[in-house]
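Here is the structure we will look at.
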Amino acid sequence: FSCHLSDLLCSLLGLLYQEYRDKSTREEIETRRLQDSQTDPEETSPSEETPSEAEPTSTPENKAPPQISLLRNSNSRFNLWQDLPEIRSSGVLSILQPDEIKLQEAMFELVTSEASYYKSLNLLVSHFMENERLKKILHPSEAHILFSNVLDVMAVSERFLLDLEQRVEENIVISDVCDIVYQHTVNHFSVYITYVSNQTYQERAYKQLLQDKPAFREVISQLELDPKCKGLSFSSFLILPFQRITRLKLLVQNILKKVEEKSDRESTALDAHKELETVVKACNEGVRKMSRTEQMISIQKKLEFKIKSVPIISHSRWLLKQGELQQMNGPKTSRTLRTKKLFREIYLFLFNDLLVICRQIPGDKYQVFDSAPRGLLRVEELEDQGQSLANVFILRLLENADDREASYMLKASSQSEMKRWMVSLAPNRRTKFVSFTSRLVDCPQIQCVHPYVAQQPDELSLELADVLNILDKTDDGWIFGERLHDQERGWFPSSMGEEILNPKIRAQNLKECFRVHKSDDSQRRKLGSRNRQ
């Protein structure tokens, strides 16, 4: 291209990344809805088929500017690579195969979304971080916790974007972008791990500042009202790096689904995806490690042992689920049911390797009366035996704190709570539907149409357009799912998604998933095993 993309970003890029990302995922949802409503996915048109981040169905404007317009404006839908004036006038669209055009769109989308992301990062720095009033209010240590290494993140994004732009300018047909993604991920993207690992402290510092410093609260509110922010909150800018590194992995997956098999471009896409996956996992682990350590210390302080004490705090231990259940009293009470309660409250702390069974005592404390290694737990659902025994299951400890077998008959408050406890206590127990790791079974699938933030450790946070296999579901509106793009598992409300009814679309989703992860099947099996834990 004769013109430079970077010269056009400031004047032509209308969308902040938050808007770009929201619109792109809405596009993806609508595309999949359209596919699902058709009897044959092959009948979809090229623009309908591609679940990419940059897919309008509208025609290009008549008076397109004589230069590359990465995005038209904040009110328009996205611009496709094939809609660029240079592409249309070149005649290349009549030469390229439809699959190659889709691949060009996927690569172009990665570039335009990075440009939008850089624009938002720049606003976070120039509008918020460098605001003189804010600087006077914040102590340097507070500013450091709040903004972390965002300047490093922005510098990395700028360097990455410049290399992507240079590649786009080299030829009217983009040769590849995944080789650039690979190089930058290996050499520069560690700054994301540093930023994201600070997230727990960042969120806490922000809440504390809002509470303790009225002047801070006032300045932030005024800055958020500036038209530059387009109604977006300060916190939406702070979480940009974590959202971007996760989304970048999905964009590479989208490219990987479209490159020709056993080609050089497939090889570079697989390499880039593997490196991005490593960074994303490190980011997730960084966040979890910070919050888990504090949580374990808090739990340890609340426990009083009636039995031999068990050390709770360990670097390799974390909480999976906690909560109250009703324990059925022994058979001797059956003669006096009118005067004694059939059930009494107990409280469970379930860690990844240990179960601790307690009774709550005054002073927000818990008295531990039994425990067992998690690997020595078994569960069994009781057949419905009337209202008093609804949502009741048997928990067996093959070896408890007294080195003997013990059984507890436990009642949950709802069917979903019972199933959630059973899945957490015995993760290898067979679910209602077979996992995606079996290629032989057409597993039910759902796509997320409303974002969801996990409220409990056994829940799964969802992003718009996530596709999940349904492993189990309850009558009271909960689903146990396995997300296709990373095999993470957890519970979420069924109202957050729409089931994918077309079996061909489900099969296509699975086929794409296996292709993305085919370079490291052993790693995928290991990951699936770890998530079941």
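A simple spin-label model places pseudo-atoms 7 Å from Cα toward Cβ; at Ala406 and Glu260 they are separated by 6.5 nm.
I'd like the distance between the alpha-carbon centres of region 451-471 and region 239-277, rounded to an integer number of Å. Comparing the Cα centres of region 451-471 and region 239-277, I get a distance of 21 Å. The distance separating the Cα centre of region 289-327 from that of region 166-221 comes to 33 Å. Backbone amide hydrogens, once placed in the peptide plane, bring Leu320 within less than 5 Å of Leu350, Phe351, Asn352, excluding anything fewer than 5 places away on its chain.
For the pair Ile394 and Glu158, the difference between a 0.36 nm per residue extended length and the Cα-Cα distance amounts to 79.3 nm.
Asp472 contributes about 10 Å² of solvent-accessible surface, heavy atoms of the protein only, 1.4 Å probe.
Sparse packing (at most 12 other Cβ atoms within 10 Å of the Cβ) combined with a DSSP loop state is found for the following trypsin sites (Lys or Arg not before Pro) in region 436-518: Arg439.
Filter Lys308/Lys365; Lys213/Lys301; Lys135/Lys213 down to the pairs with a C-alpha to C-alpha distance above 19 Å, please. Lys213/Lys301, as the Cα separations exceed 19 Å there.
Surface analysis of region 440-489 yields an accessible area of 36 Å² per residue, using protein heavy atoms and a 1.4 Å probe. Using the Karplus relation 6.51 cos²θ - 1.76 cosθ + 1.60 with θ = phi - 60°, the per-residue 3J(HN,Hα) values for region 488-499 come to 5, 10, x, 9, 7, x, 5, 5, 7, x, 10, 5 Hz, with x marking Gly and Pro. For region 199-345, a crude dipole built from +1 on the beta carbon of Lys and Arg and -1 on the beta carbon of Asp and Glu, taken about the Cα centre, is about 1260 debye to the nearest 20. Here the simple spin-label model places points 7 Å from the Cα toward Cβ, and for Glu380 and Arg288 these points are separated by 3.2 nm. Multiplying the residue separation of Glu324 and Arg429 by 0.36 nm and removing their Cα-Cα distance gives an extension gain of 35.6 nm.
When the GluC sites (Glu not before Pro) in region 239-302 are filtered for DSSP coil states and for at most 13 other beta-carbon atoms within 10 Å of their beta-carbon, the remaining sites are Glu260, Glu261.
Sparsely packed loop sites in region 215-296 (the trypsin sites (Lys or Arg not before Pro) outside DSSP H, G, I, E and B with at most 12 other Cβ atoms within 10 Å) comprise Lys262. Each residue of region 366-371 is assigned a 3J(HN,Hα), and the resulting list reads 10, 9, 7, 10, 6, 7 Hz, derived from the Karplus form 6.51 cos²θ - 1.76 cosθ + 1.60 (θ = phi - 60°), x at Gly and Pro.
Between Asp370 and Ile357, the built amide H atoms are under 5 Å apart, and every one of these is 5 or more places off in sequence or on another chain. Computed from the C-beta positions of Gln295 and Arg217, the FRET efficiency with R₀ = 35 Å rounds to 0.80. For the pair Glu463 and Glu170, label points projected 7 Å from Cα toward Cβ lie 2.7 nm apart. Computed extension length for Gln415-Arg133: 96.2 nm, one decimal, from 0.36 nm per residue of separation with the Cα-Cα distance subtracted.
The values are calculated or read from the model by the stated rules, or taken from the named source; none is laboratory data. Since we're looking at a predicted model, the values are computed, not measured. Glycine also receives a Cβ, built like all others from the backbone with ideal geometry; neighbour counts cover every protein chain displayed. The accessibility values were calculated without ligands, DNA or RNA, using every heavy atom of the protein model including side chains. Shrake-Rupley method; radii C 1.70, N 1.55, O 1.52, S 1.80 Å.
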